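These notes concern the structure reproduced below.
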């Protein structure tokens, strides 16, 4: 594994900052995930179909929640890292303050900045695909009438 490049520190700090659209997307994803989980559990069905509806709803909810929860966890961890770094000097301790002066951040000595860990979105994407495939498999177990309505 290659050594981390300290020159990436300012770019990661700027790229990973919690912008308003990221917060909105995360909130929407979590609300939709809750709706999918609740909707899957409350679909009027009986027996195995009720079970498969609940399972499908849970997997669809997971597909929506996984990236949102991952983003929240990483952002919280990165914010903690920045606070610890700022405590050692007279640097701003919030992302908002750091991002307000990107030129100052880019001009800073990269080796003095904290190097935030890379985000593993490839792994998150693989988990989403697995959750969607599992949801599709669960849906295929539900018996439908000729009109397409669950029996």
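The values are calculated or read from the model by the stated rules, or taken from the named source; none is laboratory data. These figures come from a predicted structure and were not determined experimentally. Heads up, the Cβs are rebuilt from the backbone with ideal geometry, glycines too, and the neighbour counts pull from every protein chain shown.
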Self-check item: Residue count for region 42-84, restricted to those that are surrounded by 18 or more Cβ atoms within 10 Å (Cβ to Cβ), more than 19 Å from residue 19 (Cα to Cα) and modelled with pLDDT under 90
Solution: 2
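For residues in region 12-35 being modelled with pLDDT under 95 and surrounded by 15 or more Cβ atoms within 10 Å (Cβ to Cβ), which is farthest from residue 104 (Cα to Cα)?
Applying the first criterion (modelled with pLDDT under 95) to region 12-35 yields 12-20.
Going one step further and asking which of them are surrounded by 15 or more Cβ atoms within 10 Å (Cβ to Cβ), we end up with 12-13, 16-18.
Working: 12: 15, 13: 12, 16: 17, 17: 16, 18: 19 Å.
Checked region 12-35; the qualifying residue farthest from residue 104 (Cα to Cα) is 18.
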Exercise. Six or more apart or on different chains, Cβ under 7 Å: which pairs go from a residue in region 125-142 that's in a helix (DSSP H, G or I) to one that's at pLDDT below 95? Could you list them?
Key: 135/56; 138/52; 138/55; 138/56; 139/56
Quiz item: Is it true that some residue in region 86-96 is modelled with pLDDT under 85, assigned to a helix (DSSP H, G or I) and exposed (fewer than 12 other Cβ atoms within 10 Å of the Cβ)?
Solution: yes
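Quick check on residue 107: is it free of Cβ contacts under 8 Å to residues at least 12 places away in the same chain, surrounded by 13 or more Cβ atoms within 10 Å (Cβ to Cβ), out of contact with any helix residue (DSSP H, G or I) (no Cβ under 7 Å at 6 or more places or on another chain) and closer than 21 Å to residue 4 by Cβ?
Working: free of Cβ contacts under 8 Å to residues at least 12 places away in the same chain: yes; surrounded by 13 or more Cβ atoms within 10 Å (Cβ to Cβ): no; out of contact with any helix residue (DSSP H, G or I) (no Cβ under 7 Å at 6 or more places or on another chain): yes; closer than 21 Å to residue 4 by Cβ: yes.
So residue 107 fails the test.
Test residue 9 against the criterion of being crowded, with 20+ Cβ neighbours inside 10 Å and at pLDDT below 90, and give yes or no.
On the way: crowded, with 20+ Cβ neighbours inside 10 Å: yes; at pLDDT below 90: yes.
So residue 9 passes the test.
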Self-check item: Lone qualifier among 73, 65, 79 - being within 22 Å of the chain's Cα centre (by Cα), closer than 13 Å to residue 131 by Cβ and part of a helix (DSSP H, G or I)
Solution: 65
